[in-house]
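Below is one structure; the comments refer to it alone.
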Amino acid sequence: MIGALYEEALRGRAPVEIEHADGRRRPLPVQDWLAADRPGDRGLLARCEGATLDVGSGPGRLTVALARRGVPVLGIDLAPAAVALTVAAGGPALCRDVFGRVPGAGRWRTALLADGNIGIGGDPAALLRRVLALVAPGGRVLAEVDPPGAAPRVEPLRLRSGHAVGEWFAWAHVPADAAAALAAACAATVTDVWEDAGRWFVALRPAR
């Protein structure tokens, strides 16, 4: 989802759609990411224990909310526009790749993969293993997942705005009832599953 069209959407300069391989399109949910209090966020934020890493923090609504609560937090995102919006709103954020050098690696008490970010890169097992390695012993990962009832899948997506079209990228979908198997493959366990305002979440702890 990284690219010029994503950044244009964050800046409100153009309406952007997500296009599926079969031609279906849907609006990029920028307003959800920019909302100050998206339905379902409060329960997620309440579960953030100690220093929290917000992976794929986007424009930073969760990073900012935690900072305002006095929770030590850092947002990381690959999009400079997203990081700039977070910092402008009062949240600490860096332009970083989660697979690269991340401050505090191995010491975070909580790591967030909100807004379906478990799908980043199309390989949820590789992503989850990396994020689990970033949390401290006894820490946990809070991930937003798809509703139960569907099969896990990976699909190609791209962004489109008028005649401008982005590159295809892989995105994974992990239903709530598939999270336990994913966790087991990553030497972790699911400790909580909850639904809030139509959104589904899981909490995972590393086995170490």
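Values quoted throughout were computed directly from the atomic coordinates according to the rules given, and no laboratory measurement underlies them. Keep in mind that this is a model prediction, so the values were computed, not measured. Positions of Cβ are generated from backbone atoms using ideal geometry, with glycine treated the same way; all protein chains shown enter the neighbour counts.
Points to keep in mind about this one:
- Counting charges near C95 (Lys, Arg +1; Asp, Glu -1) among other residues having Cβ under 15 Å from its Cβ returns a value of -2.
- Relative contact order computed over segment 65-181 (Cα-Cα under 8 Å; 6+ residues apart), in percent: 21 percent
- Counting only DSSP beta bridges with both residues in segment 1-97, the antiparallel share comes to about 30 percent.
- Label-point separation in nm, A105 to D37, each point 7 Å along Cα→Cβ: 3.8 nm
- Cα centre as origin, Lys/Arg/Asp/Glu Cβ charges: the chain dipole, Debye: 560 debye
- Highest mobility in the GNM of the chain, judged by mean-square fluctuation with C-alpha springs under 10 Å and restricted to A143, A179, A46, is found for A46.
- With a Förster radius of 25 Å applied to the beta-carbon distance between A125 and R11, the computed FRET efficiency rounds to 0.15.
- For segment 101-152, the relative contact order is 49 percent, taking Cα pairs closer than 8 Å that sit 6 or more residues apart in sequence and dividing their mean separation by the residue count.
- Of the beta bridges in the chain, as assigned by DSSP with both residues counted there, near 65 percent are antiparallel.
- For segment 77-126, applying the loop criterion from DSSP together with a ceiling of 15 other beta carbons within 10 Å to the trypsin sites (Lys or Arg not before Pro) yields R101, R107.
- The length gained by stretching the chain between D196 and W168 to full extension, at 0.36 nm per residue less their Cα-Cα distance, is 7.0 nm.
- Table column - 3J(HN,Hα) (Hz), segment 158-170, Karplus curve with 6.51, -1.76, 1.60, x for Gly and Pro: 8, 9, 9, 9, x, 8, 7, 10, x, 6, 5, 9, 8
- Normalising the average separation of contacting C-alpha pairs (under 8 angstrom, six or more residues apart) by the number of residues puts the relative contact order of segment 9-129 at 22 percent.
- From the alpha carbon centroid of segment 55-131 to that of segment 15-30 is 24 Å.
- Most fluctuating residue given options P124, P59, P152, as computed from a GNM of the chain linking Cα atoms under 10 Å: P152
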